[in-house]
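First up is the structure itself, then whatever we jot down about it.
The values are calculated or read from the model by the stated rules, or taken from the named source; none is laboratory data. All values reported here derive from a predicted model rather than from experimental measurement. Positions of Cβ are generated from backbone atoms using ideal geometry, with glycine treated the same way; all protein chains shown enter the neighbour counts. Calculation scope for accessible area: heavy atoms of the full protein, side chains included, ligands and nucleic acids excluded. Shrake-Rupley method; radii C 1.70, N 1.55, O 1.52, S 1.80 Å.
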Amino acid sequence: MTKQNEKISRLLKTVLRMFFAVSIIGGLIWFHRKQLLHCLVSFDYRFVLPALLCYFLQIAAGAWRWRRLALLQGFNLSGFEAFSLTMQGCFFSLVIPGGAIGGDVVKMGLLAQRRQPGSRAEGIFTIFMDRITGMIALFALAILLLLKFFPKIPEMQIPGISINTSGIQLAALGVLLLCTAGITAGIAVFFHRFLRKTPGINWILEKIDSRFNNMASRMTAMADEYAKYPGTVALLTVASIFFVHLVLTLPLCFLLAGAGVDLNMEMLILTATAVTVGNIAGLIPLTPGGIGLRDLTIIAILSAGGINAGTGEAAQLMSTGLYVIVNLCGGFFFAFDGSRIHSTGNRNE
């Protein structure tokens, strides 16, 4: 395939992803347009500001996590540098194909431009490790919430609507298995020496080394470096559950409150479950930044939990609007970014 054809193919994929996202959002708006309009008219817009601030707080917490992981590999990022690059990654996760993964790829490129000679792989692995830590935290939170949510599924009722609770239980079980597999895979990175005993693993790693300048060997060596700090990695994982993923549920909580929903403990657990599972669905790179798939999943869970369809949609679509605004702010950091990363060589942080 020529470079011209590759560009055309990427452009078509981007357009299709955008069309898919717009179709989902458009359908959600159209089918409940009257309820949405009523909700927006009566909405208490004082709840928008705290919801917006929570998005920035979540990004700041994620930047802190990455900074701590980078310090363990000798990259002395300032707090502002970590936040700036994280914001830029959020921006590109929205505007290029690949969702969050696409944003990470660009973030790796931005970090590589600032690297010291010979440290590119180490810098890239800090982002990879940050993603692993975040995914383990996300999956662990999803398991905890789904286990709390699972016994309530047979009791779910929506006036005038028949709910297939068996189907919901099956879907919840599937997510539980997926999260368990994800956590297992993330932890397995630290036990690559045991995995090498599996037939074929060494051959794959050697092929990667020969093609990408000993990349696999350097990556596994860095995994060993992180394995020296199990307490720090575990602390960052637990902190991510509270200050990244649970904080990410707060914008929707504020917006539901603004829509008149009484957020008792049961509703808070339902909202946290919806957002957490929705964020897992948003990792599927079928739409820009997971928009559409995330919304559909969250609204479906809220509806199954008894929140009025129009109310749930209004709150979630407003939440997505704030999400887009915050991610687009990353473009300003990219446009005016002039900072540099310095390697300290100190791994005793």
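Would a scan of region 265-273 turn up a residue that is among the aliphatic types (A, V, I, L, M), closer than 22 Å to Arg65 by Cα and open to solvent by less than 20 Å² (accessible area, probe 1.4 Å)? For region 265-273, residues among the aliphatic types (A, V, I, L, M), closer than 22 Å to Arg65 by Cα and open to solvent by less than 20 Å² (accessible area, probe 1.4 Å): present. Taking the criterion of being part of a helix (DSSP H, G or I), closer than 17 Å to Thr86 by Cβ and either modelled with pLDDT under 85 or in contact with a helix residue (DSSP H, G or I) (Cβ under 9 Å, 6 or more places away or on another chain) (or both), would at least one residue in region 333-346 satisfy it? Yes, because at least one residue in region 333-346 is part of a helix (DSSP H, G or I), closer than 17 Å to Thr86 by Cβ and either modelled with pLDDT under 85 or in contact with a helix residue (DSSP H, G or I) (Cβ under 9 Å, 6 or more places away or on another chain) (or both).
All conditions but one from (1) farther than 19 Å from Pro285 by Cα; (2) surrounded by 12 or more Cβ atoms within 10 Å (Cβ to Cβ) apply to Met18; the one that does not is (1).
Please determine, by comparing only the residues of region 274-317 that are polar (S, T, N, Q) and in contact with a Gly (Cβ under 8 Å, 6 or more places away or on another chain), which one is least open to solvent (accessible area, probe 1.4 Å).
Thr287
It is to be established whether one or more residues within region 36-56 are at pLDDT 80 or above and not in a helix (DSSP H, G or I).
So far as region 36-56 goes, yes, one or more of its residues are at pLDDT 80 or above and not in a helix (DSSP H, G or I).
Phe56 meets all of the listed conditions (1) buried (at least 16 other Cβ atoms within 10 Å of the Cβ); (2) within 17 Å of Leu248 (Cβ to Cβ) but one, namely (1).
Take Met215 and decide whether it is at pLDDT below 75, of a type in the set (A, V, I, L, M) and under 25 Å from the mean Cα position of the chain (by Cα).
On the way: at pLDDT below 75: yes; of a type in the set (A, V, I, L, M): yes; under 25 Å from the mean Cα position of the chain (by Cα): no.
Here the answer is no, as Met215 does not meet what is asked.
For Arg67, the conditions (1) modelled with pLDDT of 90 or more; (2) farther than 19 Å from Val189 by Cβ; (3) open to solvent by less than 10 Å² (accessible area, probe 1.4 Å); (4) not aliphatic (A, V, I, L, M) are fulfilled apart from (3). Given (1) at pLDDT below 85; (2) open to solvent by 40 Å² or more (accessible area, probe 1.4 Å), where does Phe92 come up short, assuming only one miss? The one condition Phe92 does not meet is (2).
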